Amino acid sequence: MLRPVMTGGAALVLLAAPMAPRAAAADGVPPPDKVVIDVVAVNGSGCPAGTANVTVSPDNTAFTVSYSHYVAQVGVGSKPTDFRKNCQLGLNFHVPQGFTYAVAKADYRGFARLEKGATGLQRAHYYFQGMSQTAFMNHHFTGPVNDDWQTSDTTDIDALVYAPCGAIRYFNINTELRVDAGTSDPTRTTSLMAMDSTDGSINTLYHFAWKTCPVV
């Protein structure tokens with residue numbers, strides 16, 4: 001069961017692949033060798049080429065997606081299409097032989113500045129290649145807001161589903177931000193939602209759960 005922990009009115013839901021392997025003695029212990037993640041596809045107005053980066057933590061327990069150009073806004077200085085931004089990432093995980101993984105938790109961070117009467121929306125879904133896409137999870141923000149936001153969502157350990165051993169399945173991350181001026185005055189104000197910051201340091205962190213594959 002997913003247990004959302006919410007700050008600023010948003011939550012995030014995770015999905016992992018089917019066909020879980022059997023448990024093994026070293027379950028939960030990250031592999032000693034390096035995990036490599038290739039970004040095989042980046043599409044969307046929220047992540048133009050070169051503005052989304054993926055890194056793996058040194059202990060192989062998490063990976064981070066960093067955005068530097070992911071802002072939706074309405075009002076002064078905005079183009080008509082700026083009210084909605086989206087990003088689809090296709091990731092290929094190169095996991096050390098004998099291990100498989102699930103994505104157990106995600107931490108999202110961003111910034112919202114919404115005028116009184118304006119609203120914001122963050123939505124996301126996740127799926128492995130070959131699976132049916134899940135429904136978007138919608139997370140609403142209502143102005144006035146002028147603050148950082150952070151959300152976390154954790155999957156219970158008995159509900160984790162792991163990538164099939166020995167198979168290549170791209171992990172797809174779809175996210176979207178929307179801003180609506182509502183009853184605010186877009187001719188005099190600007191409202192925005194961002195997965196970004198002025199220094200590009202706002203990150204989305206995804207946490208791994210590990211299992212060893214059964215010996216064939």
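The values are calculated or read from the model by the stated rules, or taken from the named source; none is laboratory data. Here the structure is a predicted model, which means the values were calculated and not measured. Ideal geometry is used to build each Cβ from the backbone, glycine not excepted, and the neighbour counts take in all protein chains shown. Ligands, DNA and RNA are excluded from the accessible area calculation, which covers all protein heavy atoms including side chains. Shrake-Rupley method; radii C 1.70, N 1.55, O 1.52, S 1.80 Å.
In the stretch 103-120, what residues are assigned to a strand (DSSP E or B), open to solvent by less than 10 Å² (accessible area, probe 1.4 Å) and closer than 14 Å to L192 by Cα?
G110, A112, L114, G120
Tell me, which residue of the stretch 49-93 that is more than 26 Å from T119 (Cα to Cα) and β-branched (V, I, T) is most open to solvent (accessible area, probe 1.4 Å)?
Checked the stretch 49-93; the qualifying residue most open to solvent (accessible area, probe 1.4 Å) is T55.
Could you check P58 against (1) in a loop (DSSP other than H, G, I, E, B); (2) more than 21 Å from L177 (Cβ to Cβ); (3) in contact (Cβ under 8 Å) with a residue 60 or more places away in the chain and say which number it fails?
(3)
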